[in-house]
Amino acid sequence: MIKEELYLPDVIFNSILEITPEYLASQGIKGVLCDTDNTLAYDNRKEIIPEAAEWVKMMDEAGIKVCIMSNAYWVRNYPVVKALGIKYYQTRCHKPRQIYYEKLTKRMGLKHGEVCMLGDQMKTDIVGANRADILSIYLMPYAFETNPFYKNIFKKRRAIERKYLKMYNELHGTQFDFPPQIKAEMREEDLKECVF
Ligand SMILES: [Mg+2]
């Protein structure tokens, strides 16, 4: 299957805890390729998101493998891998490039179609998963990026993503939108340009 719109996720969740083992099993998923920043840990911080820690434990108990697939360096991922006891991980993945999708699937002992991607960025996590033709799960970001270097980049990225949230809502009859803490950091003109 060729996915026509690469930015458009297959499915969206507001909270990581909504992604249950039952839901994943219903999609034939046995392993999750997982982003780090704003998915498992707060962006630019070492602290794990409490919900994410609970979710990793839930996956572990259900026998669903979790593999960190991060574009960040090892030094950023190390505290997260350690705190969560993550067994599978790969840093500097260059998502959406296709270098690691197959390799990580094999490393987990799984087959194509048995893994999905979970992340908070359409440009990297969702586009990469769609190109790899695996289930793409978009998770609402927890907080706006705090790293001063990335802040302006993300003002544009979140504006683009919001247009795809609107497109997703129109296709699926849903009402997904960024939480107030994200919209508070976005530019007024970008919010006005995309009215739900
Ligand atoms: Mg992220």
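Derivation of every value follows stated rules applied to the coordinates shown; laboratory data play no part. Since the model is a prediction, treat every value here as computed from it, not as a measurement. Note that we place each Cβ from the backbone using ideal geometry, even for glycine, and neighbour counts take in every protein chain shown.
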Met186 vs. criteria on the phi < 0 side of the Ramachandran plot, hydrophobic (A, V, I, L, M, F, W, C) and in contact with a helix residue (DSSP H, G or I) (Cβ under 9 Å, 6 or more places away or on another chain): yes
Any hit, region 56-65, residues being surrounded by 18 or more Cβ atoms within 10 Å (Cβ to Cβ), under 13 Å from the mean Cα position of the chain (by Cα) and within 16 Å of the ligand (Cβ to nearest atom): no
Among the candidates Leu17, Leu24, residue that is surrounded by fewer than 20 Cβ atoms within 10 Å (Cβ to Cβ) and closer than 25 Å to Met167 by Cα: Leu17
Which listed residue, of Arg45, Arg97, Arg76, is in contact (Cβ under 8 Å) with a residue 24 or more places away in the chain, part of a loop (DSSP other than H, G, I, E, B), out of contact with any strand residue (DSSP E or B) (no Cβ under 7 Å at 6 or more places or on another chain) and within 22 Å of Tyr142 (Cβ to Cβ): Arg45
When residues of region 106-127 are limited to those that are within 22 Å of Phe13 (Cβ to Cβ) and part of a helix (DSSP H, G or I), the one farthest from the ligand (Cβ to nearest atom): Val127
Among (1) loosely packed, with under 15 Cβ neighbours inside 10 Å; (2) within 16 Å of the ligand (Cβ to nearest atom), the one test that Glu185 misses: (1)
Selection within region 79-92 - part of a helix (DSSP H, G or I), within 16 Å of the ligand (Cβ to nearest atom) and of a type outside the set (Val, Ile, Thr): Pro79, Leu84
